[in-house]
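J.: Take this structure, written in structure tokens, and hold onto it; I'll ask about it next.
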Amino acid sequence: MGGDHLHLDHVSVRFGAITAVDDVTLTIRRGEVVGLVGASGAGKSTLLRTINLLERPQAGRIRIDDADIVDLRGPALRQLRQGIGMVFQRFNLFARRSAADNIAFPLRVAGVPRAERQRRVAELLELVGLGGRADARPRQLSGGQQQRVGIARALATHPAILLCDEPTSALDPETAGSIITLLRDLNRRLGLTLVVVSHAMDAVKDLCDRVAVMDHGRIVESKPTIELFAAPEHPATRALLRREAGLDLPQPAQGAGIRLRVAIHGAADATALLSATARRFAIDLIFDHGRIGHVAGETLAQVLVRLPADAPVSAVIEHLRTGGAQVEVDDGR
Amino acid sequence: MDAESWATLPRELGHALGETGLMVGVATLATAVLGLPIGVLLFVTERGLFLANRPLRLLVSFLTNVIRSTPFVILLVLLLPLTQIIAGTTIGPLAASVPLSVAAVAFFARLAEAALREVDPGMIEAALSAGATSRRLIIDVLVWEALPGLVRAGTITLISLIGLSAMAGIVGGGGVGDLAIRFGYYRYETPTMVATVVVLVVLVQLIQWFGDWLAKRLERH
């Protein structure tokens, strides 16, 4: 981890009357993996594309390694783009070129001599686990293999920044997982700075150190991934998380008693706090709904628990909070 | 039809084929040299693309449409001054090549534009994000990826050219189509007409077959 790598300063992008990106300020450290998450149309892809100037912002500055890039044009712009890799949702491979030729493309653009190109392509194919498929055409490869070629192509010229636009959205869950693992691995081994756009929280939870949630062109919440999952603040974040966690219950709330929405993270045995609470107050905790899993390498438990009507609600809440849990009374919404 | 006509038919046909070959050959060359770049220009100057240029696109688009909407016989006459300048004469197969070339260039440019439009915009984006120059993007991505479609467009253009070249007989261009009209139609030599038509059908079939084969091969490799 180094210092600031990428700095977006009050960046706005407008398409006619539509403001796609609205006054976004974001700093990304060297080697950091940052997710840009939001509903479709939130402006996350547009924001991503300003970093290699595929979209030029109408307002704001963008600095990479303290150099302002917004006004770059011609050869200087192409030079910049050679130093930034990009991975696409639909892979965007050249259909009439082999896997090896696809990966060699940025090297040819950069004027790398033929022998050096061949050596580098072989190295990259190994890196993404496609050693034997150099001569395969994209359509002869599975979706996951195509994305691996896409990633190898993006890495060909040793970029320090990798932009990923919905890298797993076109893949089945298992393949998506292997691509996430690959990206995380590349980040650790090569020290790459990753910016990952996704419409789904699930896709970024194991990959990103930090997540910025976008809504209507603005970044509405930006914090370490585990904190975002455990304690989402903005309504847009909550909407995204609830939709995926499936923690919404039918209306009206079923059963008697007071229902609490509890999130516990960090501890390996997060739910021990709940049983300890039940013992302490000698009450039954009824679990209506919940999910226990791992986010960014930490355990996260999110549960809806029902307390008996005669339970000392405020004392229970206090006890849970002291134990490190986020608690709120669930009103069914 | 007398014995003499029968005896001269192969020679006449051979001569006519040579003239058709010359006219179509020159026009094909012009199409490759001018039609493809104009097709590329029509595509890449479109709004939102990497060389967007609305006035230029409008001008070129208008010119190709004027050429394509003018009936070829009239184009032939309208272009006589240009033919005089380029070919040095307004008579003969070489002179006929000039209007043929102009028509073919405009026709192919539009077909090429359509073929280029079939290239996945994602590939253009990938090339741009790799820092490719416009030149590399056009040659190594657009034209390379559209090659099967461009070959099909070329096949259609070539076959249309053979049809148009028949009309070039009006300025003394000669050729197989002209032979069919002059001998077969005006002189009521039905066998000559049938023979020339058969030759034309075979020629067109061969071109279509070869074009399809080449395009398929390019799609696979």
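J.: For a quick check of understanding: with a 1.4 angstrom probe and all protein chains in place, what accessible area in square angstrom does A:Lys223 have, to the nearest ten?
T.: 30
J.: What accessible area, in Å² to the nearest ten, does a 1.4 Å probe give for B:Trp213?
T.: Accessible area, nearest 10 Å²: 120 Å².
J.: Between helix A:114-127 and chain A, what is the angle of the helix's C-alpha long axis to the longest principal axis, kept within 0 to 90° and rounded to the nearest 10?
T.: Between helix and principal axis, roughly 20 degrees.
J.: What accessible area, summed over both chains, is buried at the B-A interface (1.4 Å probe, Å², nearest 100)?
T.: Separately minus together, B and A give about 2000 Å² buried.
J.: Just the number, please: carbon plus sulfur as a percent of the accessible area of the protein assembly as shown, 1.4 Å probe, no ligands or DNA/RNA counted.
T.: Heavy-atom surface of the protein assembly as shown belonging to carbon and sulfur, 1.4 Å probe: 58 percent.
J.: Excluding residues on the same chain fewer than 8 positions from A:Lys223, give the lysines whose Cα lies under 21 Å from its Cα.
T.: Straight-line reach from A:Lys223, under 21 Å: A:Lys44, A:Lys205.
J.: Still on this model: For segment A:1-42 and segment B:1-69, what is the separation of their C-alpha centers, rounded to whole Å?
T.: 50
J.: What does the accessible area per residue of the protein assembly as shown come to in Å², with a 1.4 Å probe and no ligands, DNA or RNA counted?
T.: Working: 25650 Å² over 554 residues.
Per-residue accessible area for the protein assembly as shown comes out at 46 Å².
The values are calculated or read from the model by the stated rules, or taken from the named source; none is laboratory data. The model shown is predicted, which means the values in this text are computed figures rather than measured ones. Keep in mind that these areas ignore ligands, DNA and RNA; they rest on the heavy atoms of the full protein, side chains included. Shrake-Rupley method; radii C 1.70, N 1.55, O 1.52, S 1.80 Å.
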